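The values are calculated or read from the model by the stated rules, or taken from the named source; none is laboratory data. Bear in mind the structure is a predicted one, so any value in this text is a computation, not a measurement. Ideal geometry is used to build each Cβ from the backbone, glycine not excepted, and the neighbour counts take in all protein chains shown. These accessible areas exclude ligands, DNA and RNA; they are computed on the full protein's heavy atoms, side chains included. Shrake-Rupley method; radii C 1.70, N 1.55, O 1.52, S 1.80 Å.
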Amino acid sequence: MKRLILAPFLVLLLALSAPVFAQPAPGGQARGQVSAEEMEMQRLLQGGRVEGRTSIPDPRSEVLIQPQGKAWRDFHNVTLAWVGGIAVGGMALILIAFYATRGRITIEGGPAGRTISRFNLLERANHWMVASSFIVLGLTGLNLTFGRHILLPIIGPYAFANVSLWGKIAHNFVAFPFTLGIVVMLLLWVKDNIPNGRDIEWFKMGGGLIGKGHPKAGRFNGGQKMVFWITVLGGGIVAASGYFLIFPFWGEFGVADMQLAHIIHSILSVLMVAAMIAHIYIGSVGMEGAFDAMGSGEVDLNWAKEHHGLWVEEEMAKARQVVAPSGVKPAE
């Protein structure tokens, strides 16, 4: 009789416990089998390729993580910060030390009181377009590298997010006038910036910046030619790699190619920033009379003779040919 009474309870107990023992693993997998989510996590931990889904009609944009991503992240967070810090900070320290020891480079013998035309309106306007564009690009680009470490603790996350957002927009749009200016600069000045033997002598003598004496130079000396080619070639590569990032997935290029473009873009950018800091220093507080070249376009005659003696001789010869009467030998 007791067995008959207990039997229904045993049947009920087995019925309730059966789903527990037979319950499949999450994701529809039977116990003992690995789920799709777990396989994805294992592949992630092993450095494999992880993909997702996006609204962009290009399957390459669905790559969320790939093996080269860790190397790129280490470059952006560590290597780039060190290269940028050493290049930009090191150049600033060098210029401060140079100014403290050398002081401002003055015109030997003082200003002549007469001027000579150095750059016309088109040349100056294009120079300032490139310069102002580069300043915006440099500041917004440096914010991407150092902003989280320097600016974020000062202004807070909300303000930093807004600054970074508008900085990114400005960075992308200002790239177009910068590129145009680079092309115009190349067309205007390439003929006067071809390296020659006099440039080697200019560097040997320190360009008048170190030691005494000013080596003779044409319209552009060795240092200015170096700045020109850094701007044109470096700026061209920076612009090309930047457009590659603004308009991603050209042709058969994928995420790894974009990471390589970012590495090239960022390294050249911080090196150009360091070079332009030196250029700005020389053209402003570092040398007397230098700013006038891109300010009014007229420079002091004695300044021009010191730094661009051969060019002054050429301009004087042209002027004598213009003012001399027909058939009369120009005065020496």
Among (1) part of a helix (DSSP H, G or I); (2) of a type outside the set (Gly, Ala, Ser); (3) exposed (fewer than 15 other Cβ atoms within 10 Å of the Cβ), the one test that Ile194 misses: (1)
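For residues in the range 217-276 being among the aromatic types (Phe, Trp, Tyr) and farther than 23 Å from Val183 by Cβ, which is least open to solvent (accessible area, probe 1.4 Å)? If you could, list the steps in order and put the result at the bottom.
Here is the first cut: in the range 217-276, the residues among the aromatic types (Phe, Trp, Tyr) are 220, 228-229, 243-244, 247, 249-250, 253.
Now drop any that are not farther than 23 Å from Val183 by Cβ, which leaves 249, 253.
Working: Phe249: 38, Phe253: 94 Å².
By that ranking, first place goes to Phe249.
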In the range 287-305, the residues that are touching a helix residue (DSSP H, G or I) at 6+ places or on another chain (Cβ under 7 Å) and assigned to a helix (DSSP H, G or I): Met294, Ala304, Lys305
Residues that are aliphatic (A, V, I, L, M) and open to solvent by less than 40 Å² (accessible area, probe 1.4 Å), drawn from the range 166-183: Ala170, Val174, Ala175, Ile182
The range 197-214 - residue that is within 15 Å of Ile105 (Cα to Cα) and in contact with a helix residue (DSSP H, G or I) (Cβ under 6 Å, 6 or more places away or on another chain) and, of those, least open to solvent (accessible area, probe 1.4 Å): Gly207
Pair list, Cβ < 7 Å and 6+ apart or interchain, from the range 212-241 residues that are free of Cβ contacts under 8 Å to residues at least 12 places away in the same chain to residues that are part of a loop (DSSP other than H, G, I, E, B): Gly213/Met205
The range 241-259 - residue that is assigned to a helix (DSSP H, G or I) and closer than 17 Å to Val63 by Cα and, of those, nearest to the chain's Cα centre (by Cα): Leu245
Hits in the range 100-152 (condition: in contact (Cβ under 8 Å) with a residue 24 or more places away in the chain, part of a helix (DSSP H, G or I) and over 30 Å from Thr79 (Cα atoms)): Arg102, Leu121, Leu122, Glu123, Arg124, Asn126, His127, Trp128, Met129
Residue, farthest from the chain's Cα centre (by Cα), within the range 96-142, restricted to residues that are of a type in the set (Lys, Arg) and open to solvent by 40 Å² or more (accessible area, probe 1.4 Å): Arg114
Residue pairs meeting the criteria (Cβ under 9 Å; at least 6 apart or on separate chains; first at pLDDT 85 or above, in the range 253-266; second among the hydroxyl-bearing types (Ser, Thr, Tyr) and open to solvent by 40 Å² or more (accessible area, probe 1.4 Å)): Ile263/Thr79
